[in-house]
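Only one structure is covered here, and it is reproduced in the block below.
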Amino acid sequence: MNLAELRINYQKGELLESSVDKNPFEQFKKWFSEAKDSQVPEPNAMHVSTIGENGMPNGRVVLLKNVGKGFSFYTNYRSSKAESLDKHPQACITFFWAELERQIRIEGITQKVDSATAEIYFKNRPRASQLGAWVSEQSARIESRDILESTFKELEAKYEGQEIPKPPHWGGFELIPSYFEFWQGRTSRLHDRVIYELEGENNWKIGRLAP
């Protein structure tokens with residue numbers, strides 16, 4: 001396995017300070033729309049990086065579910081990521097769309113989504129996903145998959161013909177950004193990296209980083 005020989009010469013686009021939107025949220029929406037139109041698989045998949053209690057970084061891929069004043073995703077509040085965010089609300093989310101040779105990295109502070117908003121989202125989830133939120137004690141050690149499947153069947157029978165309530169330990173987090181980086185692959189590894197840094201309220205300063 002010769003990993004040194006694996007390489008792609010990126011040449012699908014360019015990113016110039018003169019062509020980006022002055023508002024990073026609008027620039028994100030533009031790129032996200034282009035990812036959807038290009039049929040990128042799960043364009044809302046994003047890598048969430050958190051800081052563990054031991055100071056070690058921890059990362060996992062989740063799905064973006066809303067863009068408002070921040071970027072929201074949902075989880076079990078007893079999970080390792082939720083416990084990390086409770087203690088260290090600083091986080092980073094990263095999108096990578098290989099088909100477009102693009103990456104977006106966003107840094108900020110997280111906060112919990114209000115319970116009313118989480119309730120609305122939960123009711124719109126597929127029924128199986130609602131049951132899954134009750135079944136999984138996310139990040140806890142379990143003896144076998146059989147435990148998950150048997151518990152799922154028990155709850156499926158219990159709530160047959162009934163509305164499934166949102167678990168009290170389930171909800172969302174919203175990352176409020178202070179930094180954006182938009183990355184566009186270019187030839188000769190001279191990639192474009194355009195950044196937005198928050199200076200004061202709603203004042204975004206645009207800059208460029210070396211590749």
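The values are calculated or read from the model by the stated rules, or taken from the named source; none is laboratory data. Keep in mind that what you see is a predicted model, and the values were worked out from it rather than measured. Quick reminder, even Gly has a Cβ in these numbers, built from the backbone with ideal geometry, and neighbours come from all protein chains shown. These accessible areas exclude ligands, DNA and RNA; they are computed on the full protein's heavy atoms, side chains included. Shrake-Rupley method; radii C 1.70, N 1.55, O 1.52, S 1.80 Å.
Which order do peptides 97-110, 26-39 fall in by mean Cβ count within 10 Å, highest first?
97-110, 26-39
For the chain, modelled as a GNM whose springs connect Cα atoms under 10 angstrom apart, the maximal fluctuation among ARG127, ARG78, ARG145 occurs at ARG145.
Dividing the radius of gyration of the alpha carbons in the chain by their Kirkwood radius gives 1.02 for Rg/Rh.
Taking 35 Å as R0, compute the FRET efficiency from the Cβ-Cβ separation of LYS22 and GLN90 and round it to 0.05. Efficiency at R0 = 35 Å is approximately 0.85. Remark: the chain carries 60 Å² of accessible area per residue (probe radius 1.4 Å; ligands, DNA and RNA excluded).
Remark: relative contact order (the chain) = 26 percent; criterion is Cα-Cα distance under 8 angstrom and separation of 6 or more residues. Whole-Hz Karplus values for the range 100-115 come out as 9, 6, 10, 9, 10, 10, 10, 10, x, 10, 9, 8, 6, 5, 4, 4 Hz, taken residue by residue from phi with 6.51 cos²θ - 1.76 cosθ + 1.60 and θ = phi - 60°; glycine and proline positions read x. When a 1.4 Å probe is rolled over the protein heavy atoms, the share of accessible surface on the range 1-111 that falls to carbon and sulfur comes to 49 percent. Annotation: lysines with alpha-carbon distance below 21 angstrom to LYS153 (same-chain offsets under eight excluded): LYS123, LYS166. Between the beta carbons of LYS205 and LEU155, assuming R0 = 45 Å, the FRET efficiency works out to 0.35 to the nearest 0.05. With an a/c value of 1.5 or above and a/b not larger than b/c for the gyration tensor axes a ≥ b ≥ c computed over the alpha-carbon atoms, the range 61-130 is described as oblate. Computed over the alpha-carbon atoms, the range 52-168 gives an Rg to Rh ratio of 1.00, Rh here being the Kirkwood radius from the mean inverse distance.
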